[in-house]
Each structure stands twice: as C-alpha cells, then as structure tokens.
1. Please go through segment 205-215 and give me each residue that is crowded, with 21+ Cβ neighbours inside 10 Å and either in contact with a strand residue (DSSP E or B) (Cβ under 8 Å, 6 or more places away or on another chain) or over 15 Å from residue 123 (Cα atoms) (or both), ordered by number.
2. From (1) farther than 15 Å from residue 131 by Cβ; (2) touching a strand residue (DSSP E or B) at 6+ places or on another chain (Cβ under 8 Å), pick out the condition that doesn't hold for residue 114.
3. Could you please let me know if residue 178 is farther than 30 Å from residue 79 by Cβ and exposed (fewer than 15 other Cβ atoms within 10 Å of the Cβ)?
4. Take residues that are crowded, with 18+ Cβ neighbours inside 10 Å and tell me which of the strands (runs of 3 or more DSSP E) falling wholly in segment 499-577 contain 3 or more.
5. With the requirement that a residue be assigned to a loop (DSSP other than H, G, I, E, B), within 23 Å of the chain's Cα centre (by Cα) and surrounded by fewer than 13 Cβ atoms within 10 Å (Cβ to Cβ), what does segment 277-333 give you?
6. Can you report the number of residues in segment 192-204 which are surrounded by fewer than 18 Cβ atoms within 10 Å (Cβ to Cβ) and part of a loop (DSSP other than H, G, I, E, B)?
7. Quick check on segment 309-323. Is at least one of its residues touching a strand residue (DSSP E or B) at 6+ places or on another chain (Cβ under 8 Å) and under 21 Å from residue 263 (Cβ atoms)?
C-alpha cells in the first residue's frame, strides 16, 4: 500500500521501541535528499535511513552502510554541530499524518541542556527534513522552500515552522477519545464524494487502500455516497474506523508483504480483508519489510526491463519461424499430388502406344483400381513426351517433399526451442538469471555476440526445493540448467518430471536409492506444472519417468530430450507449501 499515515504509525512504534534514550552516534548525508543516522544500542549499530526523495519518501532501519561524499553537505554539517551525540527524548507522529517528529536533547557551547526537533515530512514531492529549535523557528532544512517557490509556506532559516494548510484534516485517532458518532456523521455528510474518497478527504493519513478496507469491514460500497447509507450502515462504518484506530493506538501491528504470482504486490501494517486469500509473508519488523519489499519490487522492475529486449528478440524470431513453418507446411501440401503424377506417367507409357496424337485428354484403365481414369494431355506433345512431363513433375515434387520434410522438422524444433526460452523468461525472478538466457540466444544466432563486452559471470543456479518427505527436488531455470540437471546432476535411479507437450522446466527428484512416497510425486508434479507455460491453467498433465530412460538426441537443441515408458499425472500448478532452500 502507499506509505500512508498508518504505515508511518507502524514505523514510529518501531522507532520508539529501539531509539528512545539512545544517542546519535553518527550523521551522514549520502544523497542530496537522504540522511543516515547511526545509533549504538547494546553494542549494536542501528542505521536509520531518512529519505525525502520525491518518488519514494521513507524512513526505516537499514543494515548496510552507504558511502558518503568526501565533503559533507551544509545541512549535514549543521546537524553534526548541534545534535551529534544528542539523546532521543521522544519520537511522535503528528496525528495520523505522514510527519514524524524527533525531540532531541543536547548540550550547547556553554554546556547547557537544549532541545531541538528534527521533523520528517513524508509527503511525495513536498517531502522534507526540517530542523527547528525549541521555539519552533526553523534553523535549516534539507530542502529550502522560498517565497518564490511557495507563497503559502516558506521553509527557510529564521521562519516559524507550521503545518501546510492542506494537511489540516481531522485526526481520526480522536475517534477513540472525543470524536463521537454524531461528529463523525456530520463530517462525512458534508462530502459529495463517493464513500472511499470521502474518508480520504476528511481524515489525516488515510490512503485509498485503507479507505477501501474500512468500507469492506463496514460492508459498505466504496462507490456509494455516505448519505445513501442507512443509519445502521453509518454506525457500522464508524465502528470499523474506531476499531482500526484503537488497533493503531495500541500498536497492534503485524506487517506483511502480499504476493501475486510470486511478485510483491502490496504491503500492509496488519491483515486487510480486501487481500484475504493472497499469499503473504509476515515480518516482525516494519523496517525489514520495507527494505525487502522495495528491494524485491525494484529487482522485479529491473528484471522486467532487462528481459524486455530479450523478450522482443524471442517474440520476433518466434513469429518469423511460425510463419515459415506454416508456409513450409502449405508448400508440403502442394507436393501431395506427386504420386498422382507418377501414376499418370506410368499409365501413359503402358497405354499410350497406338493412340492418336494431339489429344487434350485420354481415358485409360487404372490397373491398380480397375477403374477408368482421365489424364489431361498437352496436345502439342506426343504421348511419350506427356508421360515424361508427368514424370518430371513427380521427380520435382518428390525432391521438394524430401527437402521440405527436413526443413519443417528443423523449423519445428526452432519454434519449440524459442517457446522454451520464452517460458524461461516468464519465470525469471533474479537479474543473474538473465545472463544464461542471453548466452543461449547468442549461441544460436538470435542475438549478435557482443564484441569487446566482458561476458557476464554466470552465478544462477537451479531452484532447490525439499519435499514434505525430505527429498531434494531441483528445477531448471532455463534450457542450459535443464540439460545440466538431467544429464550431470541426476543419477539413473532419480525421477525426472516435465509438463506434457509444452515448454517447461526439467524437475529432478534425488532418491538416494529410496522409494518415493506418493506425496513427493505430487509435489514434484506441481513444480513441473508451475514452472511451465501452463502455469495459469487449472490442471496440467505432467510426465514422469526414471532418469535412465531420458535421452538426448544428437545435435538436439538445449533442453530437448526424448523418453519412453513414462507415467503421467494431472496436477494443479502450485508451489504453495513446498519448502524452498536458498542455494
């Protein structure tokens, strides 16, 4: 979800738990709009990232350090002067707004105890880090906003700090204290917007996703008007908001990342009814969640960008080969008359003698069927010349048939090969998986080999799963890994799985001489179905066979094998509940 007021509340709780009464050990400004504060807590270093980048303003703990410029920016030097070694007295959220306020005690030049405030505003392009004194006067900010830029609110040294006018909405946390149903009803009744938009417009820190969630909990249509609700519905909405606000005030957070087809889809500070049934991953720290969520989201985006060009190359080559395959098959259909031409030549040689010249057709007996047969003739040629003409047509079409049969087989293999590469691209999750597919495309002439470019180091390894019965299962991510698994990793007594009649990964189950339980067969089948082009189908047929019966024909494309004496099962493509090992 958006980094809204509820997400900020979750972050603030974690900050309070870890930083109250701790001292700031280091202050760095690695980026123009980012601070990195380091704290020492019980001999452990905690690094707090505060980013006010317009595209992703965020606050959370990070593990890795970040290289800072040789000369610290002025704002960083100012903070070091005043609050380095300062003690964190309090960390507050302004209402339910996306504003965090650090209260910091420090000693001034004379050794007197002073208080300063570091205010982080996480509001998109208006995000800022503002440093103020105890009287509320701005000392400086990481982004200075002059009157030229904004006539409504200057953020400049010497100016009095105040909240932007547009942020002055109703604090929904007051619903748990002194905002009763009557006041709630009056506030929402004044809006002419749909219900979800009304909640976002009236209350601080409400994102559209949270508004949708509250409507669902109240069993109300998010698109209807508040005034269209019955009294019972209005009270139900009030109660839904009140319960969520109580949960926030009590700090009852259980953050999790939601996944859609293995891709991070959303994150939530506590379970949302609108996402019920989706795959989720729970975290005990909102910082770990945010770091992993944005890293995975960013990695997925980078992978999509990297594979976009490869996908275009594969799709272009696939379309070209499919057209070629169709054209070759059409040409092959035209050669089906070759036996008829041979028969015509043969019958003319048998019955042609004694017939009149200059005829346009002749009727003879087909001694294979004992039925009369008409043969069209060229009147300008003799019967023997007509016979030779039919034999020549037969010979030409026979040669064409033989040549086309070989070409069609080769083109068909190219089509299947490209489909298998496309299937591999669909399952790529990590950037290192791209290198092997690029290498395969270069090796087979679909991509030009890059001259003078250092070849990427291949670090990608097959997926590694463990069945419920403890058997190790390996899944190839691409054709090269498929060949490696099947012909180098697997032993003769291991089991081999593959989706039937469609591109997909080879799945190997290591038996170590033991007999596989039925549950392991099913789990391996689910893996083979999931990592195939039939991933989105309800059921997929999967072939499975002992590895010793799997062979690779000479000069076959990567990943292509033949096998016999196999078994088959119909299974739902799913990896849910199958333990995955990190390679």
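1. The answer is 210, 211, 213, 214, 215.
2. (1)
3. Numbers: farther than 30 Å from residue 79 by Cβ: yes; exposed (fewer than 15 other Cβ atoms within 10 Å of the Cβ): yes.
Judged against the criteria, residue 178 is a match.
4. Values: elements: 507-509, 540-546, 567-571.
Ranges flagged: 507-509, 540-546.
5. 277
6. 2
7. Of the residues in segment 309-323, the ones touching a strand residue (DSSP E or B) at 6+ places or on another chain (Cβ under 8 Å) are none.
Scanning segment 309-323 turns up no residue that is touching a strand residue (DSSP E or B) at 6+ places or on another chain (Cβ under 8 Å) and under 21 Å from residue 263 (Cβ atoms).
Yes/no per residue for (1) modelled with pLDDT under 90; (2) more than 48 Å from the chain's Cα centre (by Cα); (3) closer than 30 Å to residue 440 by Cβ; (4) in a helix (DSSP H, G or I):
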position: 336; (1), (2), (3), (4): yes, yes, no, yes
position: 364; (1), (2), (3), (4): yes, yes, no, no
position: 407; (1), (2), (3), (4): no, no, yes, yes
position: 412; (1), (2), (3), (4): no, no, yes, yes
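The values are calculated or read from the model by the stated rules, or taken from the named source; none is laboratory data. Just so you know, these numbers come straight off a predicted model, no measurement behind them. Note that we place each Cβ from the backbone using ideal geometry, even for glycine, and neighbour counts take in every protein chain shown.
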